[in-house]
Amino acid sequence: MLNIMEVHETNQMIEQEKLDVRTITMGISLLDCAADSVDEVCDNIYNKITTYAKDLVSTGKAIERDYGIPIVNKRITVTPISLVGASSCKTSDDFVKIAHALDHAAKKVGVDLIGGYSALVSKSMTPAEELLIRSLPKALSEPDIVCSSVNVGSTKTGIDMNSVELLGHIIKDIAHATADNDSYGCVKFVAFCNAPDDNPFMAGGVPGGTDGVFSRRRCGHQRRRFRPRRGFPRARRSQGQKLRIPM
C-alpha cells in the first residue's frame, strides 16, 4: 500500500523535479496511400492520418488526468515519404505538396510534430529519393511541424557519398530558406548512419517497416535522479569516492 511519504515524494517529483513523459508517438503506415496522382496521394495521406490519429491528443490528455503526470508532446511518425511518393512524384515540388498534406493533417489532429518526410539511401539514391532530398529547403521552410531525415550510410552497406555531397549543399539551403527564423529548418532535419528501423525520436522519427497499419509507442523521460525499487540494492558512494553500483 502507498503511504503518505510516497504520495508526498511523487508530488515533489512532479512539481519540483519536473517528472514528465516526454512524448507519446503514433506510427502510421502510409504504404497503401501510394497512387498515380500526387493530389490523390495527398488526399489519401490526409484522410488516413486524420482517421487513425483523431483521438491521439485527447487520449494523451486523458492519461495525464488519470495519472497526474504531464505528457509534453504528442507526435506522429509515418512511412518514409520517398517510398510513398515514388510512383507519383516527378519533381521536387510534387514532394513539397506531400509535405504540406502531412502538415495539414498533423495540425488537424492537434499533434506537435510529424516525422517521416524521409529517405533511406545508404546504398544509392533512387530518382525519387534524390527529388525528396532536393525538396527539403521548401519542405522544411513552408510547412511548420514536418520533420525530415535521411539515412546516408550503414555498417553493412557503406556510405553513399553522392547523397552526402548533395546533403552538404541542401543543409546550407535549408538554413538560408529559414534564416528569418534562426534557420529553424535545420532543427527539423537529421542525417543518419545506421538509422534504427523503428524510431520515435524527432527529427528522425519513422515507424518500423514490420509494423502494421499503425503502432502506438511511448517515449518516457524522467528529469530526476535514479531511484531503485524496493529490494533493489541502492548505489552507494562514500565521501571522496566515485559512485559504485552493486552488480
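Of all residues in segment 157-174, those that are over 13 Å from VAL190 (Cα atoms) have Cβ atoms under 8 Å from Cβ atoms of residues that are in a strand (DSSP E or B) and modelled with pLDDT under 90, 6 or more apart or on another chain, in ILE159/VAL152; ILE159/GLY153; ILE159/CYS193; ASP160/VAL152; ASP160/GLY153; SER163/VAL150; SER163/VAL152.
So is GLY153 modelled with pLDDT under 90 and within 18 Å of THR25 (Cβ to Cβ) or not? Spelling it out, it is not the case that GLY153 is modelled with pLDDT under 90 and within 18 Å of THR25 (Cβ to Cβ).
Candidates ASN194, ASN162: the one that is at positive phi and modelled with pLDDT of 70 or more is ASN194. Taking every residue in segment 47-64 that is hydroxyl-bearing (Ser, Thr, Tyr) and pairing it with any residue that is exposed (fewer than 13 other Cβ atoms within 10 Å of the Cβ), at least 6 positions away or on another chain, yields no pair with a Cβ-Cβ distance below 7 Å.
Criterion first (modelled with pLDDT under 85 and within 22 Å of the chain's Cα centre (by Cα)) does GLN222 satisfy it?
Answer is yes for this residue.
For segment 120-154, the set of residues classified as in contact (Cβ under 8 Å) with a residue 40 or more places away in the chain, over 24 Å from ASN181 (Cα atoms) and either polar (S, T, N, Q) or touching a strand residue (DSSP E or B) at 6+ places or on another chain (Cβ under 7 Å) (or both) consists of LEU120, VAL121, SER122, THR126, GLU129, ASN151, VAL152, GLY153, SER154, listed by residue number.
The values are calculated or read from the model by the stated rules, or taken from the named source; none is laboratory data. Owing to the predicted nature of the structure, the values given are computational and were not obtained by experimental measurement. No Cβ is skipped: glycine too gets one built from the backbone with ideal geometry, and neighbour counts run over all protein chains shown.
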